[in-house]
Amino acid sequence: MTIPLRTLLCLLALGLGASLAQAQQDPAPVKKAIDSWLKIQTKGLPGQVSYEIGGLDPGNQLAPCNSFDVSRPQGAQGWGRINVLVRCLNEAGWRVYVPVHIRVKADYLISARPIAQGQVVVEDDLATQLGDLSELPSNILTEFAGAVGKAAATSIPAGRPLRSDMLKAMMVVRQGQTVRVISRGPGFAVTNEGRALNNAVEGQVAQVRLGNGQVISGIAKAGGTVEVGY
């Protein structure tokens, strides 16, 4: 039996179309892999977390894959709009970025009253406000500990959301200051005095010249104290 050329071409086109359809990556397992990854990645975030996962184009030309690795690009923040990298772990070996929007509804810090430039922040200067952190700057403060005891880098009006760059750590050791040096080790603690050779905020390294001329390094603490561990 002779098959007309037009019929033959139609059959070939249908077969090719079916072959291409089979060669495309199903978006569903990719989305499932991203969802499983996000559940782990967002577990430690504050407040109420929700997210939206963008899908692969159903007409994609990616070879089928059943094993995936999902990762966050280096430097990407923990919430907001990001693109996650999905890698196929079988022989297809493709890589594709998929858009994700992570929303975090949580309390963040605002100024409860005006704070003057240089003023040291106390707890009564602060209040909290509920909002979507993904719509706020990435350096928004969510913990009182991140603000209390620091000085305002500029004047802050009441009701202003607080960012880390709006505050600066207070100097606890100043160059030329007489400081108390506490040397600690297993089962002992020795206190001495010396003169600070540099300025340091709490947690920074401070160098101290002791009375005998020896120069030591330790961690600056509040109250003009430098701790040295052994």
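Where a number appears in this text, it was derived from the coordinates with a stated rule and is not lab data. Not measured: the values here are computed from a predicted model. Here Cβ is always computed from backbone atoms with ideal geometry, including for glycine, and neighbour counts include all displayed protein chains.
Things to note:
- Anchor residue 168: aspartates and glutamates whose Cα lies under 20 Å away (excluding residues fewer than 8 positions away in-chain): 123, 124, 125, 143, 202
- Pairs of Cα atoms nearer than 8 Å and 6+ residues apart set the relative contact order; for the chain it is 12 percent.
- Rg to Rh quotient for segment 105-168, alpha carbon positions, Kirkwood Rh: 0.93
- Within the listed set 113, 174, 160, the residue fluctuating most in the Gaussian network model of the chain (springs between alpha-carbon atoms under 10 angstrom) is 174.
- Overall, the chain carries a charge dipole of about 380 debye about its Cα centre when +1 sits on the Cβ of Lys and Arg and -1 on the Cβ of Asp and Glu, all other atoms neutral.
- Span from the segment 128-149 Cα centroid across to the segment 212-230 one, whole angstrom: 33
- Normalised contact order of segment 171-229, rounded percent, pairs of Cα under 8 Å and 6 or more residues apart: 38
- Each principal axis of the Cα cloud of the chain was taken in turn, and the coordinate range along them, longest first, works out to 110, 44, 28 Å.
- Across segment 15-149, the convex hull enclosing all Cα atoms gives 116 Å³ per residue.
- Long-range Cα-Cα pairs in segment 25-103 (distance over 14 Å), rounded percent: 60
- Angstrom value of the Kirkwood radius, inverse mean 1/r, which spans all Cα pairs in segment 171-229: 10.9
- Candidate cross-link partners of residue 32 among the aspartates and glutamates, defined by an alpha-carbon separation under 18 Å and a same-chain spacing of 8 or more, comprise 52, 57, 69.
- For segment 25-103: relative contact order, % (alpha-carbon pairs under 8 angstrom, 6 or more apart): 33
- Packing-based order for 52-64, 143-155, using average beta carbon neighbours within 10 Å, highest first: 143-155, 52-64
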